[in-house]
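The values are calculated or read from the model by the stated rules, or taken from the named source; none is laboratory data. Given the structure is predicted, the values throughout are model-derived calculations rather than measurements. As a convention, Cβ positions derive from the backbone with ideal geometry for all residues, glycine included, and neighbour counts pool all protein chains shown.
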Amino acid sequence: MPRVKRGTHRRATRKKTLKLASGYFLTKSKLNRAAQDAVERGLKFAYVGRKNKKREYRSLWIVRINASCRAAGMSYSQFLHGLKAAGLDLNRKVLADVALHDEAAFGQLVNTAKTALEKA
């Protein structure tokens, strides 16, 4: 079996870690072991943050839709139930965008939801 000294591979791995750790404080950006721990921890937070971002956006959309629904004299849950009864399948992202940028179109959606609720 051939002898392996790992020169270039080891250097490349350390270089990659130190590049990811640039901007960290003191030894966390200079020494490999400290940098490796800090980078692993940072990547873990980044992973969790990507999941939290989806949660935060969904709650933001719900708040925007609810505010526009309340202004039109309807609750958020009644509005979504009315849309489902009317057969309109719009997601919260689209509804929040319409509520924010086009009040007239959102008013039509509210009226559609109200009529669907009255029929049901």
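Just to verify a result, which residue in the range 1-56, among those that are of a type in the set (Gly, Ala, Ser) and more than 32 Å from the chain's Cα centre (by Cα), is modelled with the lowest pLDDT? Residue satisfying both the conditions and the ranking: Gly7. State yes or no: is Arg55 of a type in the set (Lys, Arg), closer than 30 Å to Leu117 by Cα and loosely packed, with under 11 Cβ neighbours inside 10 Å? For Arg55, the condition - of a type in the set (Lys, Arg), closer than 30 Å to Leu117 by Cα and loosely packed, with under 11 Cβ neighbours inside 10 Å - is met. Summed over the range 3-34, the residues that are assigned to a loop (DSSP other than H, G, I, E, B) and free of Cβ contacts under 8 Å to residues at least 12 places away in the same chain give a count of 8.
Of the set (1) within 16 Å of the chain's Cα centre (by Cα); (2) over 30 Å from Ala21 (Cβ atoms), all apply to Phe79 but (1). Only one entry in Leu60, Leu83 is surrounded by 14 or more Cβ atoms within 10 Å (Cβ to Cβ) and of a type outside the set (Val, Ile, Thr), namely Leu83. Determine whether the range 95-112 contains at least one residue that is assigned to a helix (DSSP H, G or I), under 22 Å from the mean Cα position of the chain (by Cα), hydroxyl-bearing (Ser, Thr, Tyr) and modelled with pLDDT of 95 or more. No, the conditions are met nowhere in the range 95-112. Scanning the range 19-68 for residues that are of a type in the set (A, V, I, L, M, F, W, C) and more than 30 Å from Leu95 (Cα to Cα) yields Leu20, Ala21, Phe25, Leu26, Leu31, Ala34, Ala35, Ala38, Val39, Leu43, Phe45. Considering only the range 58-66, I want to know if a residue exists there that is farther than 30 Å from His101 by Cβ, at pLDDT 95 or above and in contact with a helix residue (DSSP H, G or I) (Cβ under 6 Å, 6 or more places away or on another chain). No.
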